[in-house]
Amino acid sequence: MCGIVGYIGKSNASEILTEGLKRLEYRGYDSVGIAVLNNNSIDLRKEKGMFNEVSSSLNFVSAEGNAGIGHTRWATHGVPCKRNAHPHSTPEGDVVLVHNGVIENFSELKQELISKGHTFESDTDTEVIAHLISENMKSNSDTLDAFIKSLKQLSGSYAIVALLKKENKLYVAKKNSPLVLGLGENEYFCASDIPAMIGKTKTFLPMKDGEIAVLSGEGVLLMDMDKNGVKKETIEVDWDIEKAEKGGYPHFMLKEIMEQEHSVQDSLSADVSSALELLNKHEKIDIIACGTSYHAGLIFKYLLETRLKKKADVIIASEYSYSASPDSETLVFAISQSGETADVIQSLKFAKEKGAKSIALTNIVGSSITRMADKTIFMNAGPEIGVAATKTFTSQLAVIYKLVFPERDLSIIKKIIAESLKNKEKIKEYAENMLNKNSIFFIGRGLSYPIAREGALKLKEISYLHAEAYPGGELKHGPLSLIEEGVPVVVLSPNDNTAGKMMGNLKEVSARGAYSVVLTDNKQIEGQASASIPVVSVDDPLLYPFSLIIPLQFLSYYVSTMRGLDPDKPRNLAKSVTVE
Ligand code: F6R
């Protein structure tokens, strides 16, 4: 996820772009850049680093001109550095552009362009788009035709804003990546998100997938890929800046939960090919991770063992050196959203010293574990600001499923999540019943057990209530003594091969007076509980983790906020845990 902004009008573009980028920094912060058009020449300034340092050291606001584009980057292809920072330009500088998203066929396109004499300086997929447009302009006298032809050659997701040296126009396109137009008086804006344009206009036009816009001083032309004009209602937004940064949501956590429909899609586009090659060569896999990432690891272990018939262990990273004995036959699979978790770094180091090979799955390009592992997979979830991991968990799962089922069309995951997100409001009432409880239990079996653990972790970290998860069968071995009148037990009982036994567990806790909340799509079970939370049904039971986790994320969010807490900044916790 990156932040894009564009402007054309009568004011100084660089000031507007600089202000916009500052408000989009939450979308990416490893490098920043702007390009401003001035009398048929483009002033391009970019550098690795946080917005404040780069914008002042390169004196962004001194760039002159009334049209320009800007970008704050969250690396997906290539490490953070000046070369890989946006905007990207052809060597001749005829096409300069910014992009958010992932171009899946960029390697093929790059090879083709190289064979036609193009030379590249970055590792990004974005630079390829600039060259592609430039190449297509050679055979199309109309720039718009060349732009559309290029878009049709791209597969993957994109929000693109292109600036051409010879034209006072911005060419804008969107597919599976957000882009909003802002309409002012004789001035026009575009950005990945409304905050970038707050204070400049209140009138917005969110673009849909497959739409193209041409912005000039005269107005906005909105059309489809066949150049048919598109007419639609504008929206008026009167947010303050803080609300706008959170996309209109009161907290980043809620925004990030709602984003999952799109973030999993970007994760499903992740390049897993070379990691998969290494995975296929090994029969013994040690998965190491902490917290939420450990829960993703539990699901990976289940799938590796039951589907790929590989021997897999999942070990909490801080315990690895005490309990494991990796050797040259071992493949270590390290999962870490931040890529900086000290426990993971240390255990990876330990395994490497013993001769193990390694794969890292992370969200952060250039993070420490990517420099240690033999292969890295980036989950492409975009920055997660809320301390509690939400979208990065489903992104980890999406990548894991892609590794286990490389031939399968997994786009259904996006649909399951989109459906599950619709139940947001319904979850509030269940949260109310849990506000003042001392202890809350979560139970599940099979693939639902790691999700029960993740539900309990989410709840305890942001609501400060004691929450514990158990495999359903384990209750009778001890924890059942804690169940008495009114104790909440969240029962994960999807319609899969665990349903029969989970019904038994439900009866077991109900008989002791528990306040049982069942997460199910099984009508029979629904009637047996004190309350039931709807779960989206799936054709393949292996996909239930995606429909079970969303209600649990909402539940923890609502319990936290109803208790008057800030879920984005839970006490005593940090987003990146760099101490052992
Ligand atoms: C829970 C949470 C933590 C992290 C854990 C590992 O919501 O955020 O439990 O999952 O600290 O962090 P990473 O994945 O960055 O190694």
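The values are calculated or read from the model by the stated rules, or taken from the named source; none is laboratory data. Predicted model, so just to flag it, every value in this text is computed and none were measured. Cβ atoms come from the backbone with ideal geometry, glycine included; neighbour counts cover every protein chain shown. To get the accessible areas, we keep the full protein, side chains included, count just its heavy atoms, and leave off ligands, DNA and RNA. Shrake-Rupley method; radii C 1.70, N 1.55, O 1.52, S 1.80 Å.
Summary of values
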| item | result |
| --- | --- |
| Qualifying residues in segment 120-162 (those that are polar (S, T, N, Q) and more than 29 Å from the chain's Cα centre (by Cα)) - the one most open to solvent (accessible area, probe 1.4 Å) | 141 |
| Conditions (1) farther than 25 Å from residue 175 by Cα; (2) open to solvent by 20 Å² or more (accessible area, probe 1.4 Å): number failed by residue 49 | (2) |
| Residue selected from segment 329-341 under the condition more than 9 Å from the ligand (Cβ to nearest atom) and over 9 Å from residue 288 (Cα atoms), by the criterion surrounded by the most Cβ atoms within 10 Å (Cβ to Cβ) | 331 |
| Residue among 223, 207 that alone is in contact (Cβ under 8 Å) with a residue 24 or more places away in the chain and in contact with a strand residue (DSSP E or B) (Cβ under 9 Å, 6 or more places away or on another chain) | 207 |
| From 406, 383, residue being surrounded by fewer than 24 Cβ atoms within 10 Å (Cβ to Cβ) and within 19 Å of residue 577 (Cβ to Cβ) | 383 |
| Within segment 273-284, tally of residues that are buried (at least 20 other Cβ atoms within 10 Å of the Cβ) and under 22 Å from the mean Cα position of the chain (by Cα) | 1 |
| Number of the exception - residue 475 against (1) over 26 Å from the mean Cα position of the chain (by Cα); (2) open to solvent by 10 Å² or more (accessible area, probe 1.4 Å) | (2) |
| Selected residue (criterion: farthest from residue 555 (Cα to Cα)) from residues of segment 427-475 that are part of a strand (DSSP E or B) and among the hydroxyl-bearing types (Ser, Thr, Tyr) | 470 |
| Given (1) without any contact (Cβ under 8 Å) to a residue 24 or more places away in the chain; (2) surrounded by 21 or more Cβ atoms within 10 Å (Cβ to Cβ); (3) among the polar types (S, T, N, Q), number of the condition residue 201 does not satisfy | (2) |
| Selection status of residue 287, within 16 Å of the ligand (Cβ to nearest atom), within 24 Å of the chain's Cα centre (by Cα) and open to solvent by 60 Å² or more (accessible area, probe 1.4 Å) | no |
| Test: residue 461 is in the same structural domain as residue 536 (by TED's automatic domain parsing), touching a residue at least 12 places away in the same chain (Cβ under 8 Å), within 17 Å of residue 548 (Cα to Cα) and open to solvent by less than 50 Å² (accessible area, probe 1.4 Å) | no |
| Verdict on residue 165 being open to solvent by 10 Å² or more (accessible area, probe 1.4 Å), in contact (Cβ under 8 Å) with a residue 12 or more places away in the chain, within 29 Å of residue 65 (Cα to Cα) and of a type outside the set (A, V, I, L, M, F, W, C) | yes |
| Residue within segment 548-565 that is under 30 Å from residue 317 (Cα atoms) and open to solvent by 30 Å² or more (accessible area, probe 1.4 Å) present | yes |
| Segment 290-328, subset free of Cβ contacts under 8 Å to residues at least 60 places away in the same chain and within 22 Å of the chain's Cα centre (by Cα), residue farthest from the ligand (Cβ to nearest atom) | 297 |
| Listing of helices (runs of 4 or more DSSP H) fully contained in segment 50-167 that carry 2 or more residues being touching a Ser or Thr at 6+ places or on another chain (Cβ under 7 Å) | 51-57, 126-139 |
